[in-house]
């Protein structure tokens, strides 16, 4: 197969199965961890950013290898990052099978954390989003906060007048891991037409599914954005469109299913709710506070 799918790359391994491979990191969230000298949550983020993308093709995550690059050896930092990685792995139900730590003062200032992950899926159960149809229900799961995207913009705005430890701790809230909920949904045999992890590019990334299926998306009942998003928008004078193109705004994962399967999907996902529907216009529209925001057009 050797093709790039919705989020993870897929390789045909025979026997009707495919391996899903993905690599991702924590991004500039590591800078917030450095500011606070608190490193126990970024390992969770690293796992989350990998496994949440693997499940978008219907794959069950099974293992991960991590890569920690340091400016100088700091054993406490290494230990704390490892604690987070182990917690994230437990939450995702995967094994960390290997890892690498590199000290590179000529390249790294501070530290960086990334990983490569692997999952497995039956070829007949691969989800690409191309089956999404007009009228399909869009089910949303709440986020835990900013997650691991948009931290460069968030830092520049929120710390413009000085460092705030309380805000920094809020930004360090770990990315929610959706593996167990989504795998339960997939194993229930409810018909699923698409899955989307709301990360980099936020809701504009729905274009990937839209182009495959020749559809668009109307999101009129997303979860209320956390207060941190309101602070970012107000203090940085950021437009509504840019907020929904940068941040998850309170909704971290989306499931696309036939309208008649929506009740079953909601029963399988207790903290989820219907947040919109698939439309025949090639665009992403968010309705929030009586405003219609055109997030992406193709």
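Sort through 59, 33, 63, 18 and tell me the only one that's under 30 Å from residue 194 (Cβ atoms), in contact with a helix residue (DSSP H, G or I) (Cβ under 6 Å, 6 or more places away or on another chain) and in contact (Cβ under 8 Å) with a residue 40 or more places away in the chain.
That would be 18, the only listed residue that is under 30 Å from residue 194 (Cβ atoms), in contact with a helix residue (DSSP H, G or I) (Cβ under 6 Å, 6 or more places away or on another chain) and in contact (Cβ under 8 Å) with a residue 40 or more places away in the chain.
Would you call residue 133 touching a strand residue (DSSP E or B) at 6+ places or on another chain (Cβ under 9 Å), over 22 Å from residue 243 (Cβ atoms) and modelled with pLDDT of 95 or more?
yes
Do you know which residues across segment 100-113 are touching a helix residue (DSSP H, G or I) at 6+ places or on another chain (Cβ under 8 Å) and either at pLDDT below 95 or surrounded by fewer than 17 Cβ atoms within 10 Å (Cβ to Cβ) (or both)?
Passing the criteria: 101, 110.
Looking at this structure, is residue 150 touching a strand residue (DSSP E or B) at 6+ places or on another chain (Cβ under 9 Å) and under 30 Å from residue 28 (Cβ atoms)?
For residue 150, the condition - touching a strand residue (DSSP E or B) at 6+ places or on another chain (Cβ under 9 Å) and under 30 Å from residue 28 (Cβ atoms) - is not met.
Determine, yes or no, whether residue 16 is over 17 Å from residue 88 (Cβ atoms), surrounded by 24 or more Cβ atoms within 10 Å (Cβ to Cβ) and either modelled with pLDDT of 95 or more or touching a strand residue (DSSP E or B) at 6+ places or on another chain (Cβ under 8 Å) (or both).
For residue 16, the condition - over 17 Å from residue 88 (Cβ atoms), surrounded by 24 or more Cβ atoms within 10 Å (Cβ to Cβ) and either modelled with pLDDT of 95 or more or touching a strand residue (DSSP E or B) at 6+ places or on another chain (Cβ under 8 Å) (or both) - is not met.
What residue, of 71, 60, is at pLDDT 95 or above and over 29 Å from residue 162 (Cβ atoms)?
Values: 71 fails: over 29 Å from residue 162 (Cβ atoms).
Testing whether each residue is at pLDDT 95 or above and over 29 Å from residue 162 (Cβ atoms) leaves just 60.
Residues that are closer than 20 Å to residue 152 by Cα and outside the structural domain of residue 162 (by TED's automatic domain parsing): list the strands (runs of 3 or more DSSP E) wholly contained in segment 8-125 that include at least 1 such residues.
Counting at least 1 such residues, we get 17-25, 60-70, 111-122.
With the requirement that a residue be over 10 Å from residue 218 (Cα atoms) and without any contact (Cβ under 8 Å) to a residue 60 or more places away in the chain, what does segment 250-292 give you?
Scanning segment 250-292 gives 260, 263, 267, 270, 289, 290, 291.
Quick grid of which residues meet (1) more than 16 Å from residue 57 (Cα to Cα); (2) outside the structural domain of residue 273 (by TED's automatic domain parsing); (3) out of contact with any strand residue (DSSP E or B) (no Cβ under 6 Å at 6 or more places or on another chain):
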position: 180; (1), (2), (3): no, no, yes
position: 184; (1), (2), (3): no, no, yes
position: 190; (1), (2), (3): no, no, yes
position: 193; (1), (2), (3): no, no, no
position: 198; (1), (2), (3): no, no, no
position: 201; (1), (2), (3): yes, no, yes
position: 204; (1), (2), (3): yes, no, no
position: 213; (1), (2), (3): no, no, yes
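Quickly run through segment 229-249 and pick out the residues that are on the phi > 0 side of the Ramachandran plot and either in a helix (DSSP H, G or I) or touching a helix residue (DSSP H, G or I) at 6+ places or on another chain (Cβ under 7 Å) (or both). Before the answer, list the steps.
Just the residues of segment 229-249 that are on the phi > 0 side of the Ramachandran plot, to begin with: 237, 249.
The one that is on the phi > 0 side of the Ramachandran plot and either in a helix (DSSP H, G or I) or touching a helix residue (DSSP H, G or I) at 6+ places or on another chain (Cβ under 7 Å) (or both): 249.
The values are calculated or read from the model by the stated rules, or taken from the named source; none is laboratory data. Since the model is a prediction, treat every value here as computed from it, not as a measurement. Note: ideal-geometry Cβ built from the backbone for every residue, glycine included; neighbour counts use all protein chains shown.
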